[in-house]
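Worksheet for the structure shown next.
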Amino acid sequence: MRIPLVAGNWKMYKTVAEARHLVSEMVPGLQAVKGVEKVLCPPFTDLMAVAALLEGTDIELGAQNMYWESAGAFTGEVSPTMVAELCKYVILGHSERRTYFGESDASVNRKLQAAIAHSLNPIVCVGETLNENEANQTAEVVHRQVRLGLAGTDLSVASAIVIAYEPVWAIGTGKAATAPGANAVVADVIRPALAELFGTAIAQSIRVLYGGSVKVDNAVEFFTQSDIDGALVGGASLKVADFIAIAQAAAK
Ligand code: PGA
């Protein structure tokens, strides 16, 4: 059985003061949601403050990125050792990182291996652009991102990986994929790619989230699909009532 997971990707929003305010308001309602793993992924500068507020709750913390080296002269980077001190999860290969910061399937793979070596649970984002979608390349692109991004992963740790299927054209646009359409990509492309890497049993145990304009109104539709195990939520994760409602929808 795959336990549903709902993660909030705050992106580059919230100062420490704003983060404290948001989390304080969110914790009681979010904690009341049972049977769902709940994860907050604030910017690096907020992690310590949010970690302190989440202590003693069942809400987990995640980072939005990291470098693959454990330490060294890499000005401006944050290491897996540092992330692992505070977080259980780390988002890797988000489309904004691929688009604006030159991340590739190869760099995602190096980060994934480093995350696993530091006992972090990676949330690996995959998804096609609008052009790729319109050129009917979705299956090819997503299959490649899974295969190359997860290559070389030991079978014994593969179940710790979470995949987020995020069609790039659906992120931040208010135009979510249709739930059956997203489910088809997960069932027909992502799980088969996982099965090629790890075998069918492990492929069935790995959680696959949908992301891209998930809102209170459409969350249930996604969560009732056969192969979608939760959501990676951007904009709506910054609204207390909305994020709690989305987590509640995943519990049903
Ligand atoms: P969105 O972002 O929910 O604001 O579309 C999702 C994401 O980027 O993970």
Debye log10 I(q)/I(0) at q = 0.20, 0.24, 0.27, 0.30 Å⁻¹ for segment 121-175, Cα point scatterers: -0.74, -0.93, -1.06, -1.18
Computed magnitude of the charge dipole of segment 30-149 (debye, nearest 20; Cβ of K, R +1, Cβ of D, E -1): 200
Fraction of beta bridges assigned by DSSP in the chain that are antiparallel (%, nearest 5): 0
Sum of -39500 (n - 2.57) over DSSP H runs of 4+, divided by residues of the chain (222 nm, nearest 500): -12000 deg cm²/dmol
Relative contact order (%) - criterion: Cα under 8 Å, at least six apart; region: segment 135-207: 46
Lysine pair number, Cα distance threshold 15 Å (strictly under), the chain, separation 8 or more or different chains: 9
Relative contact order computed over segment 163-252 (Cα-Cα under 8 Å; 6+ residues apart), in percent: 32
Cα-Cα P(r), the chain, percent of pairs per 5 Å interval: 1, 7, 15, 19, 21, 18, 12, 6, 1, 0
Diffusion coefficient, µm² s⁻¹, Stokes-Einstein with Kirkwood Rh over alpha-carbon pairs of segment 1-123 at 25 °C and 0.890 mPa s: 164
In sequence order, calculated HN-Hα J values of segment 63-71 (Karplus, 6.51, -1.76, 1.60; Hz; x Gly/Pro): 9, 9, 5, 6, 8, 8, 7, 6, 6
Relative contact order %, the chain, counting alpha carbon pairs below 8 Å whose residues are six or more apart: 22
Helix runs (DSSP H) in the chain reaching 15 Å along axis by Cα, Kyte-Doolittle at least 1.0: 240-251
About the Cα centre, charge dipole magnitude for the chain (Lys/Arg +1, Asp/Glu -1 at Cβ), debye: 220
For segment 101-227, size of Cβ-based charge dipole, Lys and Arg +1, Asp and Glu -1, in debye: 320
Ranked by how many other beta carbons lie within 10 Å on average, peptides 230-241, 126-137 from highest: 230-241, 126-137
Placed amide H near I91: partners under 5 Å, 5+ positions off or other chain: A63, Q64, N65, I123
Stokes-Einstein D in µm²/s, Kirkwood radius over Cα pairs - segment 62-185 at 20 °C with 1.002 mPa s viscosity: 142
Cα gyration tensor, segment 152-252 - rounded (a/c under 1.5), prolate or oblate: prolate
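We did not get these values from a lab; they are worked out from the coordinates using the rules stated. Computed from a predicted model, the values in this text were never measured in an experiment. Using ideal geometry, Cβ is built from the backbone for each residue, glycine included, and neighbour counts are taken over all protein chains shown.
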